[in-house]
Structure formats: C-alpha cells, structure tokens
Amino acid sequence: PAPPGIPHYLTHADLSAKEIYNLLTLAIQHKYNVKYLNKSSGAPLAGKTLAVMFSKRSTRTRVATESAVAYLGGQPMFLGSQDIQLGVNESLLDTAKVVSSMVDGIMARVGSHSDIETLAKYSTVPVINALSAKYHPTQILADLMTLHEIYGPQPSSSSSYVAHQTHPSKTLPGLRVAWVGDGNNILHSMMATFPKLGVHLNVATPRGYEPDEEIVRYAQTEAGKTNTDLNFSFDPKDAIKNADVIVTDTWISMGQEEEKAQRIKDFAGYRVTSQMAKEGGAKSDWKFLHCLPRKQEEVSDEVFYSPRSFVFQEAENRKWTILAVIDALMVKKSFD
Ligand code: CP
Ligand code: NVA
C-alpha cells in the first residue's frame, strides 16, 4: 500500500468544507492571475509529469488537465485505453506501482470507482479522480466556482474579475439547487459536497434511478450537521420549487449506451424547459447548469442557450478548478 500522507482526490466525502473552500479560493486566484493579470506560474512543475490515464472519452477534463499542467510548467502524459494496459492485460495494482514509480501524479478516468481506489491505494504519488461511475468531484468544484461567480459581486468591467474578493463561504450557503435527472456520478458528487457547505439540494429522479443509498445516508448526516435541506422526490416539480439553480446531466452516461431506448422512456417528463421551471415554481431568476456533454433530450435549446444558462462558463471553470487541484496535490502537497 501507498505510504501514508500522500494526498489523493477521489471524492469530496474525504474532504472538509474548509479544504473544499481552499481549492475554490485557489481556483479563483489562478483564474484571476492568468486571465486578468497575464501572470506566469513560475513553472513549479518544471521537469514533473502527470500521467493522464483515461479509459473513457473526454473533452473538458482532458483539455483542462493538459493545459493546466502546461501552465504549471509540467508535462501531461495522456494514456488512453488503447495505449496502456489499464486494467486490461495487467492488474491495476501492478499498473499503479509501475506508473507511479516514474511520474509525479496520476489523473485517471475510470469505470468502476473501485478502480480509482485501487490506483490510489498502490500509487506512490497523488491520484486525482477525473470521473468514475460513482463520482466526478472536479466537476462539482467547477459548479461551485460558477455559482460563486453568479451570486458573488459582479465585475464592473470585463477586465476586472472581482469575484475572488468575496470568499465563497459567504456566497454559497443558503442557495437552493434542484437536480432533475439521473441518480448518477454528478448527483453523487453534489450530494457529497453541497450539504457539507450549507447549499440546499432538492433531488428528483425517476423511480429506479435513485442515487446510491450509502451516499444518501452520508449526505443526510452532513445535512443534519449543517442544518441544510436535502429532499428527494420522483416528481421534478417538487425539486424545482423555490430553486435558485436547476441542474441536469445526460440521461445516458458513458457505458450505458445500450440502455438508451429504455432510459429515454423512463425519463419522460424530466426534460428541463422554461415551462417546467415556471410550473414547478422555481425562483423567477433561476439559473441553469449542466456539466456537458449535453444531449437534446434532457434540456430544451430555449433553456440551454438562454441567458439563464451558465454552462459554458461552468465548462471553462473546469480548467481553473482542475488547475487548483493539481496545484494543491503536486505543488503544495496538501489541501490546507
Ligand atoms: N464534464 C465533463 O467531464 O466533460 P468531459 O467528459 O468532456 O471531460
Ligand atoms: N454522467 C456523465 C458525466 C459526463 C461528464 C457520464 O458519466 O458519462
């Protein structure tokens, strides 16, 4: 097993609220430094390599990761499932030992969550979860950053990014997020994060697509500690009531392609539209988030391409938040 004390980033269930806020603050600082001050990083990762081992497709996570490592002066090494023996032909234990003996960090996109746990267990360098079937933590950091930008102070001009001047701990608690969709990795990550930060979460999933029971129990315990609402329903209208933000995701996650026809039937009535939001009683200025990639069925164009929709800002924030995670794990070597 790995030497103790190596920080990994597998799920926000492992992190305290303070550690999550530290990552957000770091992301906000990086965005400000790069976009508005044009500042260099000082190349703290010069001569270092991050292995980017992806067993599934990716646009945002891969581009964010490779460009973030380049900014820090390091070398991203992309290893797709056709390139290396990632759990095929060789055990993950052996892969973790071999790869971590030659690089300084591992970012992995896997199927089963136990695969990333195995990599972390046997790796001698930090491991970052770039998505598993159970969790997608870097996505939720980008969502939190975007919410902070929406609900925090607004820049007075395009070149003055001031959101960093207010701590996210002041802008996020009390927001009410509605999830209308599948009980999948994105929802699980929200459940592992929002109650801990005091962000209310209303969940609607179709019957048979509920979130993992163990994560439900975890989220309920955290919600109890912070006195935060956490509600579950099978009716999107229940979730949408008084929501500040409506979030959804594809109904067919990677690896579920064969269930497509059945899922489209089962998710009838779950398409996010303005009409749904109005009938459900969302706040009049509700906002929309989606991790992307987006399919037509889960959200209408009139919502997705509207001024309520922050999906492209959310996508860009994948870069700043992933940069923060890499900085914390590979440069600072701590979440503090
Ligand atoms: N949101 C997200 O993770 O996108 P990719 O699958 O394109 O990386
Ligand atoms: N739930 C989706 C998220 C993609 C970023 C999937 O796992 O495919």
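Take segment 292-310 and flag every residue that is surrounded by fewer than 19 Cβ atoms within 10 Å (Cβ to Cβ) and of a type in the set (A, V, I, L, M).
Residue satisfying the conditions is L292 alone.
Looking at (1) within 16 Å of ligand 2 (Cβ to nearest atom); (2) aliphatic (A, V, I, L, M); (3) surrounded by fewer than 19 Cβ atoms within 10 Å (Cβ to Cβ), which one does V98 not meet, given that it meets all the others?
Condition not satisfied by V98: (1).
Can you tell me how many residues in segment 46-63 are among the hydrophobic types (A, V, I, L, M, F, W, C) and closer than 17 Å to T321 by Cα?
From segment 46-63, those among the hydrophobic types (A, V, I, L, M, F, W, C) are 46, 50-54, 63; that's our starting set.
Add one more test, that the residue is closer than 17 Å to T321 by Cα, and what stays is 50, 52, 63.
The total comes to 3.
Considering every residue within segment 51-67, establish whether at least one is assigned to a loop (DSSP other than H, G, I, E, B) and loosely packed, with under 14 Cβ neighbours inside 10 Å.
Residues of segment 51-67 that are assigned to a loop (DSSP other than H, G, I, E, B), as a first pass: 55-59.
Still in the running and loosely packed, with under 14 Cβ neighbours inside 10 Å: 57, 59.
Among the residues of segment 51-67, at least one is assigned to a loop (DSSP other than H, G, I, E, B) and loosely packed, with under 14 Cβ neighbours inside 10 Å, which makes the answer yes.
Any idea how many residues of segment 214-237 are open to solvent by 90 Å² or more (accessible area, probe 1.4 Å) and part of a helix (DSSP H, G or I)?
So in segment 214-237, the residues open to solvent by 90 Å² or more (accessible area, probe 1.4 Å) come out as 214, 217, 220, 225, 227, 237.
Filter once more, keeping what is part of a helix (DSSP H, G or I): 214, 217, 220, 225, 237.
Summing the residues that are open to solvent by 90 Å² or more (accessible area, probe 1.4 Å) and part of a helix (DSSP H, G or I) in segment 214-237 gives 5.
Could you pull out the residue among T248, T205, T221 that is assigned by TED's automatic domain parsing to the domain that holds M145 and more than 16 Å from ligand 2 (Cβ to nearest atom)? Step through it out loud before you land on a result.
Details: T248 fails: more than 16 Å from ligand 2 (Cβ to nearest atom); T205 fails: more than 16 Å from ligand 2 (Cβ to nearest atom).
From the options T248, T205, T221, the qualifying one is T221.
Going through segment 311-326 one residue at a time, which ones are open to solvent by less than 10 Å² (accessible area, probe 1.4 Å), away from ligand 1 (no atom under 11 Å from the Cβ) and in contact with a His (Cβ under 7 Å, 6 or more places away or on another chain)?
L323, A324
For every residue, the table says whether it meets (1) of a type outside the set (S, T, N, Q); (2) more than 18 Å from the chain's Cα centre (by Cα); (3) surrounded by fewer than 21 Cβ atoms within 10 Å (Cβ to Cβ).
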{"position": "Y151", "(1), (2), (3)": "yes, yes, yes"}
{"position": "Q154", "(1), (2), (3)": "no, yes, yes"}
{"position": "S160", "(1), (2), (3)": "no, yes, yes"}
{"position": "H164", "(1), (2), (3)": "yes, yes, no"}
{"position": "H167", "(1), (2), (3)": "yes, yes, yes"}
{"position": "T171", "(1), (2), (3)": "no, yes, yes"}
{"position": "S189", "(1), (2), (3)": "no, no, no"}
{"position": "F194", "(1), (2), (3)": "yes, no, no"}
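Looking only at residues in segment 254-291 that are within 16 Å of ligand 1 (Cβ to nearest atom) and open to solvent by less than 20 Å² (accessible area, probe 1.4 Å), which one is farthest from the chain's Cα centre (by Cα)? Give the steps one after another, and end with the answer.
Initial filter on segment 254-291 (within 16 Å of ligand 1 (Cβ to nearest atom)): 254-257, 288-291.
Retained after the next criterion (residues that are open to solvent by less than 20 Å² (accessible area, probe 1.4 Å)): 288-291.
Details: F288: 15, L289: 12, H290: 11, C291: 8 Å.
The selected residue is F288.
The values are calculated or read from the model by the stated rules, or taken from the named source; none is laboratory data. Here the structure is a predicted model, which is why all the values come from computation and not from measurement. Glycine gets a Cβ as well: all are built from the backbone with ideal geometry, and neighbour counts include every protein chain shown. Ligands, DNA and RNA are excluded from the accessible area calculation, which covers all protein heavy atoms including side chains. Shrake-Rupley method; radii C 1.70, N 1.55, O 1.52, S 1.80 Å.
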